[in-house]
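Novice: Can you read through this structure? Questions will come right after.
The values are calculated or read from the model by the stated rules, or taken from the named source; none is laboratory data. Being a predicted model, the structure only gives us computed values, none of them experimental. Ideal geometry is used to build each Cβ from the backbone, glycine not excepted, and the neighbour counts take in all protein chains shown. Just so you know, the surface numbers come from the protein's heavy atoms only, side chains and all, with ligands and any DNA or RNA stripped out. Shrake-Rupley method; radii C 1.70, N 1.55, O 1.52, S 1.80 Å.
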Amino acid sequence: MDAENVTRLRRVIGRLARLLNAAPVSENLTPTQASVLALVSHRGPIGMTELADIEGLNPTMLSRVVGKLVEDDLVRRLPNPADQRAVHLAATDTGHEVHQRIIASRTATVAKILDGLSPDVTDALLGALPALEALAEGLRTKKG
């Protein structure tokens, strides 16, 4: 792919990310806090080391993010039965509810946009899903 098309793709990804990141802001969360909450809600209980690896965050930044989520009663720290020095994180009921609202808001945003597009464009997007999923996986694995 030539540089111009790579730039176009990068720009559209950025615009989509900004659009979808409005949902966590409405819940008073940063995109990083929402991402950590999503992982804890989906995979929890999860250890801090695993969470840092998945998110690509350094331990200090992750500690700040988790501290805010704990303070807001969205996640709780649990003792790690295998290592008393470590903790696992689990979403609270409130955390699960907030995560579900973020998902619903993002889904509604995308659905509203799709409803305004022509069937040809929506068909093309559907056909491009496997390629977009591969791109996202490639970006995720190159992050670390």
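Novice: Output the number of residues of segment 60-89 satisfying the condition of being modelled with pLDDT of 90 or more and either outside any strand (DSSP E or B) or surrounded by 17 or more Cβ atoms within 10 Å (Cβ to Cβ) (or both).
Specialist: 19
Novice: Here is a check on your reading of the model: is I46 of a type in the set (V, I, T) and under 26 Å from G14 (Cβ atoms)? Show your work before the answer.
Specialist: Values: of a type in the set (V, I, T): yes; under 26 Å from G14 (Cβ atoms): no.
Spelling it out, it is not the case that I46 is of a type in the set (V, I, T) and under 26 Å from G14 (Cβ atoms).
Novice: Quick test for you: out of E97, E50, E27, E55, pick the one residue that is open to solvent by less than 40 Å² (accessible area, probe 1.4 Å), among the charged types (D, E, K, R) and within 16 Å of the chain's Cα centre (by Cα).
Specialist: Being open to solvent by less than 40 Å² (accessible area, probe 1.4 Å), among the charged types (D, E, K, R) and within 16 Å of the chain's Cα centre (by Cα) holds for just one of E97, E50, E27, E55, which is E55.
Novice: Which residues, counting only those in segment 80-99, are over 27 Å from V25 (Cα atoms) and not hydrophobic (A, V, I, L, M, F, W, C)?
Specialist: Scanning segment 80-99 gives N80, P81, D83, Q84, R85.
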